[in-house]
Amino acid sequence: MAHTDCLICERIDMIQKGTNPYFVAELKTGFVVIGDHQYFKGYTLFLSKQHKTELHFLESEVKKTFLNEMSLVAEAVYKAFGAEKLNYELLGNGDSHLHWHLFPRRENDSPVKGPVWWVDKEEMFSDEIKPSQDQLEMMKNRLYAELSKLVAVTNR
């Protein structure tokens, strides 16, 4: 059930309507999407199918599957985009819907060593770092190829 004031539910609704250009694949518990902004090349999100605010609100088996699938998505991101390290974040102060942020990290990938959120927001979310349509398709194809080696995915 979509919540009208939830950005994640809106993005999932777009996936279901076939209008989300960032959609990569559907797994049992969530949807894989490329991030709108690519300051950290390969930035990917894993959106829970269930509108829940906390991991402990998921039923035990769903939670185990969700966490396992997130780790497989992370492995695919790592391989597809040549990461040296991954940052994993399950946030939700602005969106009350479980979703993982997966940031491929590389040495000297930001002006300040530390968490991704130390990068200036104006720079990190600049329109100049949105991928072109060709770049987006290439990223989606690379990620889908790696992901399909690890887990059963529903075609895009």
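Note on the stretch 58-106: among residues that are among the β-branched types (Val, Ile, Thr) and touching a residue at least 60 places away in the same chain (Cβ under 8 Å), the one that is surrounded by the most Cβ atoms within 10 Å (Cβ to Cβ) is Val73.
Of all residues in the stretch 51-74, exactly one satisfies the criterion of being modelled with pLDDT under 95 and either in contact with an Asp or Glu (Cβ under 6 Å, 6 or more places away or on another chain) or polar (S, T, N, Q) (or both), namely Thr53.
Considering the stretch 11-26, the residues that are free of Cβ contacts under 8 Å to residues at least 40 places away in the same chain and closer than 29 Å to Ser110 by Cβ include one that is nearest to the chain's Cα centre (by Cα), namely Arg11. Residues of the stretch 119-136 that are closer than 17 Å to Val77 by Cβ and part of a helix (DSSP H, G or I): Gln135, Leu136. Within the stretch 77-113, the set of residues being touching a strand residue (DSSP E or B) at 6+ places or on another chain (Cβ under 8 Å), under 18 Å from Ser148 (Cα atoms) and not in a strand (DSSP E or B) comprises Val77, Tyr78, Phe81, Gly82. The number of residues in the stretch 27-47 that are over 21 Å from Arg106 (Cα atoms) and within 12 Å of the chain's Cα centre (by Cα) comes to 4.
The values are calculated or read from the model by the stated rules, or taken from the named source; none is laboratory data. Just so you know, these numbers come straight off a predicted model, no measurement behind them. Glycine gets a Cβ as well: all are built from the backbone with ideal geometry, and neighbour counts include every protein chain shown.
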